[in-house]
Amino acid sequence: MIGAISIQLQISGSSVQTTVRMCYHFSRPKRLPQMRRNWLGCSPTRFKPKNAVPRHYGNIMYDRRVVRGNTYAKHILPTTAQPDPAEIRRQQANRRRAIARKQAREQFRPNTPEALEGRKHTDVQTELYLEELSNIIATMDIECQTDPFLDRPATPLFIPAKSGKDVETQIEEGELFDFDIEVQPVLEVLVGKTIEQSLLEVMEEEELACLKAQQRAFEELRNNELAEVQRLQEMERRHNEEKERRIAQQREVLRKEKEIAEKIAARAYTQQYLAGLLPAVFTSLRRHGYFYNPVEKDIETNFFPWLMDEVNNRVERRYTAREILDSKRH
């Protein structure tokens, strides 16, 4: 194992980077760790026979036959139990549904169109920082062998080797810095910036006041324009309502005139049609006896039949009398 240590020092405002490379190498033959004595203080090989074959123990955490974690929630079936057919069918149905969903997602997934003739698709990286992709995995072999049951000593404090020469000097008061002289430009800057900021704030307040005044004037003008627009809209609405009312009245007048004209035409046609119909109807009704003179009707229905009966009776009596007289003569 080879290591290097880099140390960066800062001396008197200047940066000095010192790299101290300490090369070391450690190597020891591989061997199995010695068996620890048990709590009785005796070696575990004390009761073993001399010809016993040493066993190699492995880590049971990587043994597949060992169950790791909580086993309360695990449903372990006994070796003699038969699987449930309903559970098997349900698992098969779930598997078929999962396969169908996967096929549907692959079918509706938007695919990349085919490349044009003479071109081909190439996979590129779209990340912000590109990195080299390689199938070769960088590996490194590291070996380490520790002493049996020895504590690691504390790491000694690293003290770099001293380099260069120590130099010192003496600076008297007032040689490098005079506060009254050095503070004047700082005060000028502070006062100037304060006055400038004050002027900017005053100008900003005046500008805000002007903007508010313009906004108030604009709002008043807009309100007046809105009121005028509302008045014009109301006037237009009244005009439209009056126009619609006049149009409705005119339509009603035209409809009534049309109805009157149709009635007059129908009456004239009726009068013309009934002018020759009424005499014919009355003549037919009179001919069929629906219209008659009561005296004439009474004479025809009552007097004439009675008169004819009386005449027939007298004629018959006269014939009878003549027959009787003729019979007496003979």
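Give, as a single signed number, the net charge of other residues whose beta carbon lies under 13 Å from the beta carbon of ARG255, with Lys and Arg counted +1 and Asp and Glu -1.
Its environment carries a net charge of 0.
What number comes out for the charge environment of GLN214, summing +1 per Lys or Arg and -1 per Asp or Glu over other residues with Cβ under 14 Å away?
-1
At a probe radius of 1.4 Å, what is the per-residue accessible area of VAL124, in Å² to the nearest 10?
Accessible area of VAL124: about 110 Å².
Before I look further, what does the range 198-248 give for accessible area per residue, probe 1.4 Å, in whole square angstrom?
Heavy-atom SASA per residue in the range 198-248 reads 94 Å².
Output ³J(HN,Hα) for the range 260-266: one whole-Hz value per residue in order, computed from phi by the Karplus curve 6.51 cos²θ - 1.76 cosθ + 1.60 with θ = phi - 60°, and x for Gly and Pro.
5, 4, 5, 5, 5, 5, 5
Along the range 97-107, what does the Karplus equation 6.51 cos²θ - 1.76 cosθ + 1.60 (θ = phi - 60°) give for ³J(HN,Hα), rounded to whole Hz, x for Gly and Pro?
For the range 97-107, the Karplus curve yields 5, 4, 5, 5, 5, 5, 5, 5, 5, 5, 6 Hz.
Relative to a virtual label point 7 Å from the Cα of LYS297 in the Cα→beta-carbon direction, which members of the range 266-286 show backbone nitrogen distances below 18 Å?
Backbone N within reach: 282-286.
Take the Cβ-Cβ distance between ALA100 and ASP141 as r, set R0 to 56 Å, and report the resulting FRET efficiency rounded to the nearest 0.05.
Computed FRET efficiency for ALA100 and ASP141 comes out at 0.70.
Only loop residues by DSSP count here, and only those with at most 11 other Cβ atoms within 10 Å; note down the trypsin sites (Lys or Arg not before Pro) in the range 137-219 that meet that.
Taking the range 137-219 and a limit of 11 other Cβ atoms within 10 Å, the loop trypsin sites (Lys or Arg not before Pro) found are LYS162, LYS165.
Full extension from PHE218 to GLU117: what is 0.36 nm times the residue separation minus their Cα-Cα distance, to one decimal in nm?
29.9 nm is the gain from fully extending PHE218 to GLU117.
Report the accessible area of ARG238, computed with a 1.4 Å probe over the heavy atoms of all protein chains in place, in Å² rounded to the nearest 10.
Estimated to the nearest 10 Å², ARG238 gives 120 Å².
Assigning unit charges at the beta carbon (Lys, Arg +1; Asp, Glu -1) and nothing else, what dipole magnitude in debye, to the nearest 20, does the range 115-191 show about its Cα centre?
So the magnitude is around 720 debye.
I'd like the accessible area for SER134, computed on protein heavy atoms only with a 1.4 Å probe and all protein chains in place. Round to 10 Å², please.
80 Å²
Stretch LEU232-GLU201 to full length: gain in nm at 0.36 nm per residue minus the Cα-Cα span?
Stretched fully, the LEU232-GLU201 segment lengthens by 6.6 nm.
Once you have a ≥ b ≥ c as the square roots of the Cα gyration tensor eigenvalues for the range 150-267, tell me rounded if a/c is under 1.5, and otherwise prolate or oblate according to whether a/b is larger than b/c.
oblate
Just add up the charged neighbours of ALA321: K/R +1, D/E -1, any other residue whose Cβ is under 14 Å from the Cβ of ALA321.
+3
Go through the range 157-191 and name the chymotrypsin sites (Phe, Trp or Tyr not before Pro) that are in a DSSP coil and have 15 or fewer other Cβ atoms within 10 Å of their Cβ.
Answer by residue number: PHE158, PHE177.
In what sequence, largest accessible area first, do THR320, THR112 appear using a 1.4 Å probe?
Putting THR320, THR112 in descending order of accessible area: THR112, THR320.
Decide, for the range 199-330, between rounded, prolate and oblate: order the square roots of the alpha carbon gyration tensor eigenvalues as a ≥ b ≥ c, take rounded if a/c falls under 1.5, and otherwise choose prolate if a/b is larger than b/c, else oblate.
prolate
The values are calculated or read from the model by the stated rules, or taken from the named source; none is laboratory data. Not measured: the values here are computed from a predicted model. We place every Cβ from the backbone using ideal geometry, glycine too, and count neighbours over all the protein chains shown. The area values use the complete protein model at the heavy-atom level, side chains included, leaving out ligands, DNA and RNA. Shrake-Rupley method; radii C 1.70, N 1.55, O 1.52, S 1.80 Å.
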